[in-house]
1. How many residues are surrounded by 13 or more Cβ atoms within 10 Å (Cβ to Cβ) and either touching a residue at least 40 places away in the same chain (Cβ under 8 Å) or part of a helix (DSSP H, G or I) (or both) if we restrict to region 157-166?
2. Could you look through region 34-43, keep only residues that are touching a residue at least 60 places away in the same chain (Cβ under 8 Å) and in a helix (DSSP H, G or I), and pick out the one that is surrounded by the fewest Cβ atoms within 10 Å (Cβ to Cβ)?
3. Would you point out which residue out of 140, 192, 135 is at negative phi, part of a helix (DSSP H, G or I) and modelled with pLDDT of 95 or more?
4. Looking at region 110-132, which of its residues are farther than 21 Å from residue 202 by Cβ and either assigned to a helix (DSSP H, G or I) or in contact with a helix residue (DSSP H, G or I) (Cβ under 6 Å, 6 or more places away or on another chain) (or both)?
5. Just wondering, is there one or more residues in region 56-79 that are over 26 Å from residue 138 (Cβ atoms) and at pLDDT below 80?
6. Is there a residue being in a loop (DSSP other than H, G, I, E, B), surrounded by fewer than 18 Cβ atoms within 10 Å (Cβ to Cβ) and over 16 Å from the mean Cα position of the chain (by Cα) anywhere in region 212-222?
7. Please state which of the following conditions residue 169 fails to meet, knowing it meets all the rest: (1) in contact with a strand residue (DSSP E or B) (Cβ under 8 Å, 6 or more places away or on another chain); (2) crowded, with 21+ Cβ neighbours inside 10 Å; (3) closer than 18 Å to residue 50 by Cα.
8. Among the residues of region 49-66 satisfying the criterion of being more than 21 Å from residue 128 (Cα to Cα) and over 8 Å from the mean Cα position of the chain (by Cα), which is surrounded by the fewest Cβ atoms within 10 Å (Cβ to Cβ)?
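The values are calculated or read from the model by the stated rules, or taken from the named source; none is laboratory data. Being a predicted model, the structure only gives us computed values, none of them experimental. Virtual Cβ from ideal backbone geometry, glycine too; neighbours counted across all protein chains shown.
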């Protein structure tokens, strides 16, 4: 009985905080202006999107309602994150590198093969920052689907003192959404090749951020 009540209270708390986070994001992002480069070509086929963990807030709002798939951990934080993501119209696959990792990878591969779009934060869930984990390469290897880097750069923002340098745009900020070219992973990879493609994907995401920043600066100058 006590366990049931504790679970009920926790579930109610998660729903309350999810509603609060959703409301905060809706109010904040109603003032943020987005500009996009490369989306039409990138989303013309099944892809796996890759963005740094610290930029995920902009991605969660920008892709709202599109029913994309994202990984969410099996922890209490993951419960809360899933509740928020569902409010924004995302679908979640539960698991992490430490709990349910194999199951979640298999489910991601199944979704990609079914033609659905999966979004990854390849340096998550706990870093190190900007270091790609093997999971993204494994999904690309098993499906043959391009790993597409994407960046969300903003001109005015707060940055948290967290491992991922989490970015929150300030009201009335401009946000540039930039898609880089996809990286196709060969089906046969040695252990050394795996690390090579992890490094290549990291560089591709960095390159998308550099080019997105340049596009953002041009936009701001014109404005």
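1. Total meeting the criteria: 3.
2. 41
3. So the residue among 140, 192, 135 that is at negative phi, part of a helix (DSSP H, G or I) and modelled with pLDDT of 95 or more is 140.
4. 110, 111, 113
5. Yes, some residue in region 56-79 is over 26 Å from residue 138 (Cβ atoms) and at pLDDT below 80.
6. no
7. If we test residue 169 against (1) in contact with a strand residue (DSSP E or B) (Cβ under 8 Å, 6 or more places away or on another chain); (2) crowded, with 21+ Cβ neighbours inside 10 Å; (3) closer than 18 Å to residue 50 by Cα, just (3) comes out false.
8. 65
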